[in-house]
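Worksheet: the structure to be examined is printed underneath.
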């Protein structure tokens, strides 16, 4: 477990978290390379299905990063995303994968520091949870 | 629309555990609108089932198909291409769709992934409420377009009953007294006199009490 490096998928809104990631870079802030960013036009674009597919294909953790409440470029995409993340968490608990592997976070485009801290915190949290339980089956399937 | 909700995952997992190849079939009609069994929900359930079984060390091949309508034979026929590659069919349609598949593909077990609930309407995004019980003898024309059969807890024909308090039903403060709604509506329409008419006892033979029902349109039936 000591050398476990989690794979994290971060769905980042173009108008906030993605720009915040850029800001983190400009500020020369370090954040774990475990985080794989997928840029989306709005966090509201993310559906439960995207979250589940990421986990099914081997991600150890997923988070959706949207704008601060009230700041969504498309009015309320971030609120919708938060509800979908909550639904995904419930479903993952139901099937024993664990809802803790999924999170919703919010930030503004200028919060480079929060982006780096969130990436670090979530990576550490998933590292503590251990590998996604479907990974063994996935490895076997890929071998065959 | 016909409304439905997904069964608990454990119940669906019980259906699929003995098998390794399933045909997961959604429906583009009512269950898509009530977000229970459309293409999106098929994808979510497919991912959920596969992950649950992978965790148990098993693999599950899922073929995802969403038909235009599962309650019509011509659409159900489209499954013929996939049927041989599946051990079972898991349907995400209402009970009508599940039965249509069972009728057509007699050699394959069919399981429902949804619990069919009621005929209802969207109150707002994400909330559906019962509106019709299909009694077979519509009386909305005399009740101001509001149904006492589907929306009164007692299905009372000449209400309200003594359990109506400040416009709410005695079963819950979240449930409107439908007879209050009917009265308010008739008043707004200036048709209060209609409220005074006593409705005769309903003939329930046109409803389920007359046994399973069928419509035959001779001008259309072949």
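Please treat every number below as a calculation from the coordinates, not as lab data. The structure presented is a predicted model; accordingly, all values stated were derived computationally and were not measured. In this analysis, Cβ positions are derived from the backbone assuming ideal geometry, glycine residues included, and neighbour counts consider all displayed protein chains.
Any idea what the relative contact order of chain B is, in percent, if you count C-alpha pairs under 8 Å spaced at least 6 apart?
17 percent
Could you state the angle between the C-alpha long axis of helix B:39-55 and the longest principal axis of the C-alpha atoms of chain B, as a value from 0 to 90 degrees rounded to the nearest 10?
50 degrees
How big is the Kirkwood radius of the protein assembly as shown, worked out from every pair of different alpha carbons and given in Å to one decimal?
On the way: mean 1/r = 0.0417 Å⁻¹.
For the protein assembly as shown, the Kirkwood estimate is 24.0 Å.
Among B:183, B:204, B:128, which one shows the highest mean-square fluctuation when chain B is modelled as a Gaussian network with alpha-carbon springs under 10 Å?
Of the options given, B:204 has the highest mean-square fluctuation.
What are the semi-axes of the equivalent ellipsoid of the range B:2-118, taken as the square roots of 5 times the eigenvalues of the Cα gyration tensor, listed largest first and rounded to whole Å? If you can, show how the numbers build up before the last one.
Numbers: eigenvalues 83, 55, 26 Å².
Values for the range B:2-118, descending: 20, 17, 12 Å.
For chain A, find the longest principal axis of its Cα atoms and tell me its angle to the long axis of helix A:77-94, 0 to 90°, nearest 10.
20 degrees
Which of B:214, A:80 comes first, and how do the rest follow, when ranked by fewest Cβ neighbours within 10 Å?
By the 10 Å Cβ count, ascending: B:214, A:80.
Jot down the radius of gyration and Dmax of the range A:66-114, Cα atoms only, both in angstrom.
Spelled out, the Cα radius of gyration and Dmax of the range A:66-114 are 12.8, 38 Å.
Specify the angular offset, from 0 to 90 degrees and rounded to the nearest 10, of the alpha carbon long axis of helix B:178-188 from the longest principal axis of the alpha carbons in chain B.
So the inclination is approximately 60 degrees.
Tell me, what does the Kirkwood hydrodynamic radius of the range A:77-144 come to in angstroms if you use every pair of distinct C-alpha atoms?
14.0 Å
Restricting to Cα pairs below 8 Å that are 6+ residues apart, what does the relative contact order work out to for the range B:133-198? Please round to a whole percent.
On the way: 60 pairs, mean separation 18.8, N = 66.
Averaging sequence separation for qualifying contacts and normalising by length gives 28 percent for the range B:133-198.
Express in whole angstrom the spacing between the alpha-carbon centres of the range B:1-24 and the range B:161-187.
The range B:1-24 and the range B:161-187 have Cα centres spaced 38 Å from each other.
Report, in cubic angstrom per residue, the convex hull volume of the C-alpha atoms of chain B. Spell out each step's value before the answer.
Details: hull volume 37.3 nm³, N = 222.
Spelled out: Cα convex hull of chain B, divided by residues, is 168 Å³.
Taking every DSSP beta bridge that has both residues in chain B, what percent is antiparallel when rounded to the nearest 5? Working shown, then result.
Details: 12 of 26 bridges.
Counting only bridges with both partners in chain B, antiparallel ones make up about 45 percent.
Let me check against my output: what whole-number percent is the relative contact order of chain A, with C-alpha pairs under 8 Å and at least 6 apart?
Numbers: 257 pairs, mean separation 49.4, N = 144.
Across chain A, relative contact order equals 34 percent.
Please build a GNM for chain B, connecting alpha carbons under 10 Å apart, and tell me which residue among B:22, B:88, B:142 fluctuates the most.
Its mean-square fluctuation being the largest, the pick is B:142.
Tell me, what is the FRET efficiency for residue B:208 and residue A:124 to the nearest 0.05, using R0 = 45 angstrom and their Cβ-Cβ distance as r?
Result of the calculation: an efficiency of 0.15.
Which of B:36, B:200, B:47 moves the most in a Gaussian network model of chain B with Cα springs under 10 Å?
B:200
Run the helix sum for the protein assembly as shown: -39,500 (n - 2.57) per DSSP H stretch of 4+ residues, divided by residue count, reported at 222 nm to the nearest 500 deg cm²/dmol. Please list the in-between numbers first.
Values: 13 runs with 127 residues, N = 366.
The per-residue figure over the protein assembly as shown is -10000 deg cm²/dmol.
At 7 Å along the Cα-to-beta-carbon direction for both residue B:175 and residue B:125, put a label point, then send me their distance in nm to one decimal.
Taking the simple label geometry, residue B:175 and residue B:125 are separated by 2.9 nm.
For the range B:133-198, what number results from the quotient of the Cα radius of gyration and 2.2 N^0.38 Å?
That ratio works out to 1.05.
Please compute the modelled spin-label separation between residue B:192 and residue A:142, points set 7 Å along Cα→Cβ, answer in nm with one decimal.
Between residue A:142 and residue B:192, the simple spin-label model gives 7.6 nm.
Based on other C-beta atoms within 10 Å, arrange B:55, A:141 from fewest to most.
Values: B:55 17, A:141 11.
Neighbour counts put them in this order, fewest first: A:141, B:55.
Just for the protein assembly as shown, what percent of DSSP beta bridges are antiparallel, to the closest 5?
On the way: 12 of 42 bridges.
Of the beta bridges lying entirely in the protein assembly as shown, close to 30 percent run antiparallel.
I want to verify the translational diffusion coefficient of the range A:5-144 in µm²/s; compute it with Stokes-Einstein, Rh as the Kirkwood radius over Cα pairs, at 20 °C and 1.002 mPa s.
143 µm²/s
How would you rank B:79, B:189, going from fewest to most other Cβ atoms within 10 Å of each one's own Cβ?
Final ranking by Cβ density, sparse to dense: B:189, B:79.
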